[in-house]
Amino acid sequence: MLSTGNEGCNCINQTSVLASLQNRDCTTATGQPGVHLTLGGSCVAFDYGSSACLQHDLLHDPNCQGDLSTTAVPPYCFQTWCYVNANSCRKNSDEKIKKTEYFSPSNDIFYSYSTCNSTDYFSQGIDSKSVVGGLNVTASIPDYQYPMMRKQLPDGTFIDDGKDDSDNTYYFDDTIPFSGVYIDYMNSIVQLSKGDIQNVTFTHTSRASSKQYPSSSFTAAVQDVENGLVDMAVGPFWITGQRLKMTTFTVPLLYDKTVLVIPKPGQKRSLAYQTQKVFEPFTAGLWAVVIAIVLAAALLSVWFSDREMAAKKRYGMHLKQSKQPQKRRKFAYFRLILDAILEKGMFFFSAGIEQDTGASLPHKVLMFGFGFFILIAVS
């Protein structure tokens, strides 16, 4: 059974539309009456792209008819697609759709590969061309933004932001018109054009583009312009490099001025003031905690270390010899503790830990924890 597209974005029959095109009559290779895709271009049957997900290009496009053993067939030839109803797809599905350039601007015909669960290699291999579509303009509104873009319900209630329409029920309902400063501005342009622009129809952004850019409804609206779903998007857009690659922008109507506000630099330059600034990151209580942790780490490092070897190496003393005077042993312990305090203090103020490969496992675990504490203080 042939697929007719995914739910909410089904394939439609455009046979009558293709048959009605003027000055494009032709006869296909199979003898059927058909229509030129472009003036003087390929001749396809009137049911080309209609009603079902098929490899329409493989059946009708001469570029897909070559000898597979000698000619490289473009990858789009093997992809299934069909024509779809743009309004239905934008409102009821996440499928990506695009406006065909073959029959524009006289006809609004849209196609989709994603509704047929295939990849759009066709548009990836051709240059995109923007077509306004005559005197009737369709413009998407990316979001609510008081007082520039909003909706008014029949009971007179204004929908000014997303909080009033959390599930976007009103936003996707085109029977409820948009209003606001930008809408009034566009309507004024229509009046000033004196008939050059007959009408501007305001609508919502497609669900597919919103899904593609969930963090920015404005970029999603620009994507709809690139895909040909709308002729333009109206709103306070930031002109970014990403968006400029999708489409062009009008001359800005207004500019956002961004400034960086910082505290006024101090005028005190004395040595005492500059020294005092060192202690500003932490409160007095927090400094007490820091000092306590430094002291605890120093004492534990002496406890976990080989005190006998350290005393002998640094001071030429043997702590375990009974003949060693008690006073000298206390002095050696004091020196070891003082050295450890200075060492751990230096580690803290330099935001680093010296790795001693010969240290015991408890000492290494202690230094790992102390290093993590330094990381917390620095961050």
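Of (1) modelled with pLDDT of 90 or more; (2) in a loop (DSSP other than H, G, I, E, B), Lys91 satisfies all except one. Which?
The number of the failed condition is (2).
Would the stretch 193-200 turn up any residue that is at pLDDT 90 or above and surrounded by 16 or more Cβ atoms within 10 Å (Cβ to Cβ)?
First, the residues of the stretch 193-200 that are at pLDDT 90 or above: 200.
Next cut, surrounded by 16 or more Cβ atoms within 10 Å (Cβ to Cβ) only: 200.
Scanning the stretch 193-200, I find at least one residue that is at pLDDT 90 or above and surrounded by 16 or more Cβ atoms within 10 Å (Cβ to Cβ), so the answer is yes.
If we scan the stretch 16-29, do we find a residue that is among the aliphatic types (A, V, I, L, M), in a strand (DSSP E or B) and more than 20 Å from Ser93 (Cβ to Cβ)? Please lay out each step first, then the result.
Kept after step one, since they are among the aliphatic types (A, V, I, L, M), are these residues of the stretch 16-29: 17-19, 21, 29.
Applying the additional criterion that residues be in a strand (DSSP E or B) yields none.
Looking for residues that are among the aliphatic types (A, V, I, L, M), in a strand (DSSP E or B) and more than 20 Å from Ser93 (Cβ to Cβ), one finds none in the stretch 16-29, hence no.
Contact list please: Cβ distance under 8 Å, first residue in the stretch 344-355 and without any contact (Cβ under 8 Å) to a residue 40 or more places away in the chain, second residue outside any helix (DSSP H, G or I) and among the β-branched types (Val, Ile, Thr), pairs at least six apart or on different chains.
Correct list of pairs: Phe347/Ile353.
Can you tell me how many residues within the stretch 166-192 are among the hydroxyl-bearing types (Ser, Thr, Tyr) and surrounded by fewer than 12 Cβ atoms within 10 Å (Cβ to Cβ)? Give the steps one after another, and end with the answer.
Within the stretch 166-192, the subset among the hydroxyl-bearing types (Ser, Thr, Tyr) is 166, 169-171, 175, 179, 182, 185, 188.
Within this subset, residues satisfying the condition of being surrounded by fewer than 12 Cβ atoms within 10 Å (Cβ to Cβ) are 166, 169, 175, 188.
Here the count works out to 4.
So is Lys163 at negative phi and surrounded by fewer than 19 Cβ atoms within 10 Å (Cβ to Cβ) or not? Break it down stepwise before answering.
Working: at negative phi: yes; surrounded by fewer than 19 Cβ atoms within 10 Å (Cβ to Cβ): yes.
So Lys163 passes the test.
Cβ-Cβ under 6 Å, sequence separation 6+ or interchain: first residue in the stretch 227-241 and under 18 Å from Ala86 (Cβ atoms), partner of a type in the set (Asp, Glu). Which pairs?
Between residues of the stretch 227-241 that are under 18 Å from Ala86 (Cβ atoms) and residues that are of a type in the set (Asp, Glu), the close pairs are Val230/Asp224.
Of the numbered conditions (1) more than 26 Å from the chain's Cα centre (by Cα); (2) aromatic (Phe, Trp, Tyr); (3) not in a helix (DSSP H, G or I), Trp287 satisfies every one except a single condition; which is it?
(3)
Give the stretch 337-352 a look and list any residue that's within 17 Å of Phe282 (Cβ to Cβ) and of a type in the set (A, V, I, L, M), or say none.
Ala351
Do we have Ser118 as surrounded by fewer than 20 Cβ atoms within 10 Å (Cβ to Cβ), modelled with pLDDT of 90 or more and under 24 Å from Thr15 (Cβ atoms) here? Outline the logic, then answer.
Numbers: surrounded by fewer than 20 Cβ atoms within 10 Å (Cβ to Cβ): yes; modelled with pLDDT of 90 or more: yes; under 24 Å from Thr15 (Cβ atoms): yes.
In short, yes.
The values are calculated or read from the model by the stated rules, or taken from the named source; none is laboratory data. If you're wondering where the values come from, they're calculated on a predicted model, not measured in any experiment. Heads up, the Cβs are rebuilt from the backbone with ideal geometry, glycines too, and the neighbour counts pull from every protein chain shown.
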